[in-house]
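Novice: Let me begin by handing over the structure; questions about it come next.
Values quoted throughout were computed directly from the atomic coordinates according to the rules given, and no laboratory measurement underlies them. Note that this is a predicted model, so its numbers are computed, not measured. Glycine gets a Cβ as well: all are built from the backbone with ideal geometry, and neighbour counts include every protein chain shown.
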Amino acid sequence: MKLGLVTSNAGKLRELAAALEPAGHTVAQRALEYPEVQAASLGAVVEFGLEWLAQRHAGEALLIDDAGLFVDALGGFPGVYSRYAYDTIGPAGVLALLGDGAERSAEFRCVLGLLLPDGGRQLFRGSCRGRITRTPRGNGGFGYDPVFVPAGDERTFAELPLAEKNTVSHRGRALAALAVYLGDSG
Ligand code: ITT
């Protein structure tokens with residue numbers, strides 16, 4: 001299936017394409033703006049976005065992706081505010097908020113929203129537990145990747161090759177569910 005990914009984030013596009021193209025799907029970035037409402041959950045943001053797109057782009061197959069980093073010791077912050085926190089205090093600001101506290105567990109979450117040409121809508125969720133580093137490491141990935149180490153690894157997401165990040169990440173898990181739903185059209 002030809003899917004349009006509505007995002008401003010090239011990193012997300014790379015991860016979606018790597019996961020879906022081997023199954024015969026194509027993913028192209030769509031430069032559409034949709035309002036990201038301030039909501040209490042990623043799912044609510046995605047549902048609102050799908051509704052908005054359905055009213056304006058009926059007949060297309062579109063995907064949206066909303067993600068966030070939820071830090072336990074910060075009560076889940078930045079969570080649904082992850083983009084705002086990234087643009088303001090940045091990953092270094094999140095490290096500063098944690099200081100040298102020993103409790104550094106965190107979770108990345110991703111919700112993918114699919115709008116089908118017939119108007120059908122589906123949500124796919126994935127999460128990844130891990131911990132926040134004391135200093136940023138690695139040059140790969142994007143966003144908060146240099147400060148997050150997935151459980152069971154010592155490397156940050158930014159130190160993992162993209163394909164390996166996709167096997168354990170929040171987005172990779174949501175993508176695996178999406179790929180099952182779409183089936184193999186190759
Ligand atoms: P959209 O145009 O798709 O909304 P965005 O970058 O605003 O792109 P989000 O709101 O989903 O995306 O992401 C919130 C923040 O979390 C943002 O700063 C991202 O860079 C970051 N983020 C999302 N997924 C990430 C990942 O897999 N690894 C590291 N940081 C991530």
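Novice: Separation of region 145-184 and region 21-60 by C-alpha centroid, Å?
Specialist: 21 Å
Novice: Where the only charges are on Cβ atoms (+1 Lys, Arg; -1 Asp, Glu), what is the dipole of the chain about its Cα centre, to the nearest 20 debye?
Specialist: Approximately 140 debye in magnitude.
Novice: Okay, next question. Express the relative contact order of the chain as a whole percentage, based on alpha carbon pairs under 8 Å and six or more residues apart in sequence.
Specialist: Working: 373 pairs, mean separation 40.5, N = 186.
Once normalised by length, the contact order is 22 percent.
Novice: Follow-up question, since we're still on this one. From the phi of every residue in region 99-108, what ³J(HN,Hα) in whole Hz does the Karplus formula 6.51 cos²θ - 1.76 cosθ + 1.60 yield, where θ is phi - 60° and glycine or proline is x?
Specialist: Karplus-based 3J(HN,Hα) across region 99-108 equals x, 9, x, 7, 7, 10, 6, 7, 9, 8 Hz.
Novice: Work out how much length Q38 to K2 would gain on full extension: take 0.36 nm times their residue separation and subtract the Cα-Cα distance, in nm to one decimal.
Specialist: Working: separation 36, 0.36 × 36 = 12.96 nm, distance 2.95 nm.
Answer, rounded to one decimal: 10.0 nm.
Novice: A further question on this structure: Say the dipole of region 97-186 comes from +1 at the beta carbon of Lys and Arg and -1 at that of Asp and Glu; which of G140, L182, P150 then lies farthest toward its positive end?
Specialist: Highest projection toward the positive end goes to P150.
Novice: Points 7 angstrom from Cα along the Cβ direction at A151 and A28: gap in nanometres?
Specialist: Result: 4.0 nm between the two label points.
Novice: Based on the Cβ-Cβ distance from Q55 to I89, what FRET efficiency comes out when R0 is 45 Å, to the nearest 0.05? Intermediate results must be reported in sequence, preceding the final value.
Specialist: Numbers: r = 35 Å, r/R0 = 0.77.
Computed FRET efficiency for Q55 and I89: 0.80.
Novice: Shifting gears a bit: Specify the angular offset, from 0 to 90 degrees and rounded to the nearest 10, of the alpha carbon long axis of helix 10-20 from the longest principal axis of the alpha carbons in the chain.
Specialist: Approximately 60 degrees, to the nearest 10.
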